[in-house]
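Engineer: Would you mind keeping the following structure in view while I ask a few things?
The values are calculated or read from the model by the stated rules, or taken from the named source; none is laboratory data. Note that this is a predicted model, so its numbers are computed, not measured. FYI the Cβ positions are ideal-geometry reconstructions off the backbone, even for glycines, and counts take in every protein chain you see.
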Amino acid sequence: SACFKKPMICSSVNLLFFISAPRSWADSIIRWYFRWGAGHTSQGNYPEALTWYRRILAIIERTLGKEHPDTAESYHSIGRIYNAQGNYVEALEWYQKTLAIREKILSKEHPSTAQCYTDIAGIYNKQGNYAEALAWYRRALAIFEKMLGKEHPNTAACYNNIAGIYDSQGNYPEALVWYRKALTIVEKMLGKDHPNTAVCYNNMGTLYQRQGHYDKALTELLKAYKTISRALGETHPTTQAVKGNMKETWEKMEASKQKPFARWLEEALQPS
């Protein structure tokens, strides 16, 4: 099944990437390497992407040293590849190397340091270590609220991800409180057509489904599906995951005995 069995994670806005001034030939080579690495990443060709990111790291370490913010950003890119591959032990190691530099160079209260906290929390979440994940998300949240404010998209993403922890632990009332806080901000700051807004709709929908509130679940999941399909396209894996969540919810309802899911969805998508 394509369904997300765990709550979807909201992505943070990337607050730091190669912040130093151009470095002539090295800078030009890095930019080309990054384009190739990013291209392979978007295609899911992670081993090839990793090759290019490691070449970037070699240049940056040689020209800037091992304690430069750009070095930390290169570590972070490698960590993201391992994360995408499901190699969480390796990803965590690279995220921790990133964190060590950011805490030293940027301070422990810099938003980019907080972003690293969320990455580490995400790894613990995927490993099922919810207590540790929650602790790291709360550390990130304290910084985002202080440095960016309570209505920043990164703060909202943190609210969503904290909600996801409570959701995974079966604490649905607490999860719903945090999902609603996240949704209020993303609708206001990013709009109703942003993918992170769709993530909030999806997560609230699947939470309602687990509580047996199928009508409420379908309302939220349909909003998520309309939003994500417009933003990412019908064939995108996230769109298909949301569609799978709708189908699973519909098939739990009595009405599904008289009407197949495909027909219900076709009718639900008709202009009112």
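Condition check ((1) in a helix (DSSP H, G or I); (2) without any contact (Cβ under 8 Å) to a residue 24 or more places away in the chain; (3) closer than 25 Å to Gly128 by Cβ) across all residues:
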| residue | (1), (2), (3) |
| --- | --- |
| Tyr53 | yes, no, no |
| Leu57 | yes, yes, no |
| Thr63 | yes, no, no |
| Gly79 | yes, no, yes |
| Glu90 | yes, yes, yes |
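Engineer: Next up: Just a yes or no: is a residue in the range 106-124 in a helix (DSSP H, G or I), touching a helix residue (DSSP H, G or I) at 6+ places or on another chain (Cβ under 6 Å) and surrounded by fewer than 19 Cβ atoms within 10 Å (Cβ to Cβ)?
Structural biologist: No, that holds for no residue.
Engineer: Could you give every pair whose Cβ atoms fall below 7 Å, whose first residue belongs to the range 258-272 and is in contact (Cβ under 8 Å) with a residue 40 or more places away in the chain and surrounded by 13 or more Cβ atoms within 10 Å (Cβ to Cβ), and whose second residue is among the aromatic types (Phe, Trp, Tyr) and assigned to a helix (DSSP H, G or I), counting only separations of at least 6 or pairs across chains?
Structural biologist: Qualifying pairs under 7 Å: none.
Engineer: I would also like to ask the following. If you go through the range 6-46, how many residues are outside any loop (DSSP other than H, G, I, E, B), modelled with pLDDT of 65 or more and on the phi > 0 side of the Ramachandran plot?
Structural biologist: Counting residues in the range 6-46 that are outside any loop (DSSP other than H, G, I, E, B), modelled with pLDDT of 65 or more and on the phi > 0 side of the Ramachandran plot gives 0.
Engineer: In the range 192-220, how many are among the charged types (D, E, K, R) and not in a loop (DSSP other than H, G, I, E, B)?
Structural biologist: The number of residues fulfilling the criteria is 4.
Engineer: If the Cβ limit is 8 Å and pairs must be 6+ apart or interchain, which residue in the range 224-245 that is at positive phi pairs with which residue that is of a type outside the set (D, E, K, R)?
Structural biologist: Partner pairs satisfying both residue conditions: Gly233/Thr239.
Engineer: Would you mind finding the one in Lys223, Lys247 that is over 20 Å from Ala182 (Cβ atoms), at pLDDT 95 or above and assigned to a helix (DSSP H, G or I)?
Structural biologist: Lys247
Engineer: Another question, if that's okay. Quick check: anything in the range 164-174 under 13 Å from the mean Cα position of the chain (by Cα) and surrounded by 20 or more Cβ atoms within 10 Å (Cβ to Cβ)? I'd like the intermediate steps shown before the answer.
Structural biologist: Within the range 164-174, the first condition is being under 13 Å from the mean Cα position of the chain (by Cα), and the residues that meet it are 164.
With the extra rule that they be surrounded by 20 or more Cβ atoms within 10 Å (Cβ to Cβ), the set shrinks to 164.
The answer is yes; a qualifying residue exists.
Engineer: A further question follows. Is at least one residue of the range 140-155 without any contact (Cβ under 8 Å) to a residue 40 or more places away in the chain and touching a Gly at 6+ places or on another chain (Cβ under 9 Å)?
Structural biologist: yes
Engineer: Shifting gears a bit: Check whether at least one residue in the range 196-219 is surrounded by fewer than 20 Cβ atoms within 10 Å (Cβ to Cβ), within 29 Å of Thr118 (Cα to Cα) and either in contact (Cβ under 8 Å) with a residue 24 or more places away in the chain or basic (Lys, Arg) (or both), and report yes or no.
Structural biologist: yes
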